[in-house]
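The next block holds one structure in the form of structure tokens; read it before the comments.
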Amino acid sequence: MTKNEIADVLNEIGVLLELKGENPFKIRAYQNGARALEAIEETELDRLIRAGELGGIKGFGDALVQKITELHATGRLEFYEKLKASIEPGLVEMLDIPGLGPKKIRALQAKLGITSITALAEACTDGRVAALDGFGEKSQEKILAGIAHREAYGKRHLWWEANETARPILAGLRSLPAVERAEAAGSLRRGMETIGDLDFLVAAEDSAPVVAWFVAMPGVQEITAQGETKASVRFASGLQADLRIVPADQFVFALHHFTGSKDHNVQMRQRALARGLSLSEWGLVPAEGEGTAKEKAENKALRTPAKSEADLFKALGLRFIPPELREGLGEIEAAEAGELPKLVEPADLRGAFHNHTTASDGRNTLAEMTAAAEALGWEYLGIADHSKSSYQANGLSEERLRQQIAEIQALNRSGRHKVHVLTGTECDILSDGRLDYDDGLLGELDYVVASVHNAMTQDEATMTARIIRAIEHPAVTMLGHLTGRLLLRREEYRVNVGKVIDAAIANCVVIELNASPWRLDLDWRHWRKAAEKGLMCAINPDAHETDGLAHVAAGINSARKGWLTAASVLNTRPLAQVRRWFKERR
Ligand code: DGT
Ligand code: CA
Ligand code: CA
Ligand code: ZN
């Protein structure tokens, strides 16, 4: 196990112990242990364990040393597994509800005997929760809203997580001898930010072994449908997956159909009809004449052949439309006119600006983040740790930020890495729109990302004015996660996005496309129009650990859905041009 995974387990032990009402000192020992672990380098942990010197670190007692060593060596911990098994699963589930921590959950259990979310919903509806000490009407309402939200959104899944599930399934399908072609379709292929279910499409003459393999995959919790050429399954996460198997000559039409979106499909069918053709999942055939679309498609003389989707589009007088654009938002008109943009691609990125280290709430050190960026082949890595008002995220004081600047400059001078590290900050936009550091310090940085992290419930006019005030500050280079949404978890701030975009353009301020799979903020639906008006984008992973840098892939999806080309994305440019852009905008 890596040190970050070990730290996750320690943190979770802390939460579970708190749920059990254990001694606060014991709980804090795990929390502190996790934090201390996050702050040391991976290689340092290996060395300490090998040398038997882990106990020398402040805060690591014998019990902790034993547990870390066991996790590091085996990836498992008996103590943790027993602890988990000793707690009602319903109590652990309640932790997902905003506003409910271990203390409150314990109180609900102790005073009202509540051990499940269903029982909790009932108690809220009856008003029994509001009557408890430390709860009240407001918090009862909030809990009920949280439960409703969980039900409404619990059915969708983050693209990133859905893709992690889909990848091995696709590889598995492709490795079956019976399978000629296999693709993931649906919203996953279109790069939507959340996914209802997975859709797999396979070309095979003999479908039985494919269905048999699919329903017997590891992790399948339930088989919800099973037929000769299709099947549906559900995983423990609640995510469902559909499989369809078609003959090879139908594959392209089925792939196009099941990629969607519905709106795109409807417009494509209308276009086909206008040309006397009928387009369906079975094929492209003449609209006139005897028989259903399916029967016609089975007649080789009638159907239009297509080896790839490009052939299908071409048969309707269109350029190939990338799946991300297939939302029925003008892509067909653009394809007809030959005006589809050349969309930004993963390989275009040369770095990113908004990343954290252990100096604030990141889990990897500056050196580790830099090495990870280098491994990705990046030319530059921007460090933007939290500012001092974000004390919950261990934001940097002026003194610590100056230290970090010096540390980064020394790292760059050392020539140890090919990647150049840029000095930045994720500076809080205070509730009145002022910034969290003075102008002198901000001026010492390569760039400034300004973000809202508190007073998130301001009304629309106040929030909009607050953000625009920050944008108008000459030191601000870019705006972080404009709306503050957390997908499936937290709504956007009330903010007039259009006004903020106009202000950013007027002040030459970049708006980031925060690529964290939980954020994808600013939403792709705004980007096409904004970029046409001249807004500059930066695809920022907001990485809090080395693995987080890879999240730029999710940002690329959203950027492509927003019709963005490399020219509108600042971090596709070489370092020298980025520097010039920073300088000339002032
Ligand atoms: P999701 O799963 O909710 O994230 O979204 P999709 O787009 O993956 O939708 P899904 O799984 O229900 O169906 C996959 C594709 O199949 C969808 O994008 C378009 C196509 N499709 C499904 N039902 C219909 C329909 O009633 N009419 C048309 N034209 N296409 C459909
Ligand atoms: Ca789907
Ligand atoms: Ca589906
Ligand atoms: Zn932030």
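The values are calculated or read from the model by the stated rules, or taken from the named source; none is laboratory data. In this text the structure is predicted, and so the values were computed from the model without any measurement. No Cβ is skipped: glycine too gets one built from the backbone with ideal geometry, and neighbour counts run over all protein chains shown.
Overview of values
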| read-out | value |
| --- | --- |
| Search result, residues across the stretch 314-355 that are closer than 18 Å to His551 by Cα, in a helix (DSSP H, G or I) and out of contact with any strand residue (DSSP E or B) (no Cβ under 8 Å at 6 or more places or on another chain) | Pro346, Ala347 |
| So Gly186, is it within 15 Å of ligand 1 (Cβ to nearest atom) and closer than 15 Å to Ala162 by Cβ | yes |
| Filter result for Gly377 (assigned by TED's automatic domain parsing to the domain that holds Val452 and at positive phi) | yes |
| Residues of the stretch 443-497 classified as out of contact with any strand residue (DSSP E or B) (no Cβ under 7 Å at 6 or more places or on another chain) and assigned to a helix (DSSP H, G or I), total | 11 |
| Criterion: in a helix (DSSP H, G or I) and at pLDDT below 90 - qualifying residue of Glu81, Glu93 | Glu93 |
| Where Val179 falls short, out of the listed (1) out of contact with any strand residue (DSSP E or B) (no Cβ under 7 Å at 6 or more places or on another chain); (2) assigned to a loop (DSSP other than H, G, I, E, B) | (1) |
| Yes/no for Val215 being farther than 24 Å from Asn265 by Cα, modelled with pLDDT under 95 and of a type in the set (A, V, I, L, M, F, W, C) | no |
| Qualifying residue in the stretch 97-104 (condition: farther than 25 Å from Arg490 by Cβ, in the same structural domain as Gly134 (by TED's automatic domain parsing) and surrounded by fewer than 17 Cβ atoms within 10 Å (Cβ to Cβ)) | no |
| Filter result (basic (Lys, Arg) and part of a loop (DSSP other than H, G, I, E, B)) within the stretch 96-150 | Arg128 |
| Residue identified as more than 16 Å from ligand 4 (Cβ to nearest atom), more than 26 Å from the chain's Cα centre (by Cα) and of a type in the set (A, V, I, L, M) among Ala475, Ala504 | Ala475 |
| Residue check, Ser389 without any contact (Cβ under 8 Å) to a residue 60 or more places away in the chain, surrounded by 15 or more Cβ atoms within 10 Å (Cβ to Cβ) and either of a type in the set (Gly, Ala, Ser) or within 16 Å of ligand 3 (Cβ to nearest atom) (or both) | no |
| Qualifying positions in the stretch 537-561 - closer than 22 Å to Glu42 by Cβ and part of a helix (DSSP H, G or I) | Thr546, Asp547, Gly548, Leu549, Ala550, His551, Val552 |
| Helices (runs of 4 or more DSSP H) contained in the stretch 194-288 and holding at least 1 residues more than 18 Å from Ala306 (Cα to Cα) | 208-215, 262-274 |
| Odd one out for Phe235, checked against (1) in contact with a Gly (Cβ under 6 Å, 6 or more places away or on another chain); (2) buried (at least 21 other Cβ atoms within 10 Å of the Cβ); (3) assigned by TED's automatic domain parsing to the domain that holds Ala166 | (2) |
| Test: residue in the stretch 18-26 that is out of contact with any Pro (no Cβ under 7 Å at 6 or more places or on another chain), under 28 Å from Met94 (Cβ atoms) and of a type in the set (A, V, I, L, M) | no |
| Any hit, the stretch 160-180, residues being modelled with pLDDT of 95 or more, near ligand 2 (Cβ under 10 Å from one of its atoms), buried (at least 21 other Cβ atoms within 10 Å of the Cβ) and more than 22 Å from Ile321 (Cα to Cα) | yes |
| Test result for Phe253, within 16 Å of ligand 1 (Cβ to nearest atom), under 21 Å from Arg326 (Cα atoms), aromatic (Phe, Trp, Tyr) and in contact with a strand residue (DSSP E or B) (Cβ under 6 Å, 6 or more places away or on another chain) | no |
| Filtered residues of the stretch 1-56 (kept if touching a Leu at 6+ places or on another chain (Cβ under 7 Å) and outside any helix (DSSP H, G or I)) | Met1 |
| Among (1) closer than 24 Å to His453 by Cα; (2) crowded, with 16+ Cβ neighbours inside 10 Å, the one test that Arg560 misses | (1) |
| Residue list for the stretch 183-215, restricted to those being in contact with a helix residue (DSSP H, G or I) (Cβ under 6 Å, 6 or more places away or on another chain) and more than 16 Å from ligand 2 (Cβ to nearest atom) | Ala203, Ala204 |
| Inter-residue pairs, beta-carbon under 7 Å, first more than 13 Å from Asp199 (Cβ to Cβ) and in the stretch 242-258, second of a type outside the set (A, V, I, L, M) and within 16 Å of ligand 2 (Cβ to nearest atom), 6+ apart | Phe253/Glu281 |
| Residue match in the stretch 139-150 (condition: under 25 Å from Pro24 (Cβ atoms), out of contact with any helix residue (DSSP H, G or I) (no Cβ under 6 Å at 6 or more places or on another chain) and in the same structural domain as Val15 (by TED's automatic domain parsing)) | yes |
| Sole residue being among the acidic types (Asp, Glu) and away from ligand 1 (no atom under 15 Å from the Cβ), chosen from Asp206, Asp197 | Asp206 |
| Unique residue being outside any loop (DSSP other than H, G, I, E, B), surrounded by fewer than 17 Cβ atoms within 10 Å (Cβ to Cβ) and either out of contact with any Lys or Arg (no Cβ under 7 Å at 6 or more places or on another chain) or at pLDDT 95 or above (or both) when the list is Ala373, Ala410 | Ala410 |
| Verdict on Glu295 being outside any loop (DSSP other than H, G, I, E, B), more than 15 Å from ligand 1 (Cβ to nearest atom) and not assigned by TED's automatic domain parsing to the domain that holds Ala204 | yes |
| Which listed residue is within 16 Å of ligand 3 (Cβ to nearest atom), touching a helix residue (DSSP H, G or I) at 6+ places or on another chain (Cβ under 9 Å) and at pLDDT below 95, from Phe235, Phe258 | Phe235 |
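Each row is one residue, and each column tells you yes or no for (1) away from ligand 1 (no atom under 15 Å from the Cβ); (2) touching a helix residue (DSSP H, G or I) at 6+ places or on another chain (Cβ under 8 Å); (3) farther than 19 Å from Arg167 by Cα; (4) touching a residue at least 40 places away in the same chain (Cβ under 8 Å).
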residue	(1), (2), (3), (4)
Pro218	yes, no, no, no
Gln221	yes, no, no, no
Thr224	no, no, yes, no
Leu239	no, yes, no, yes
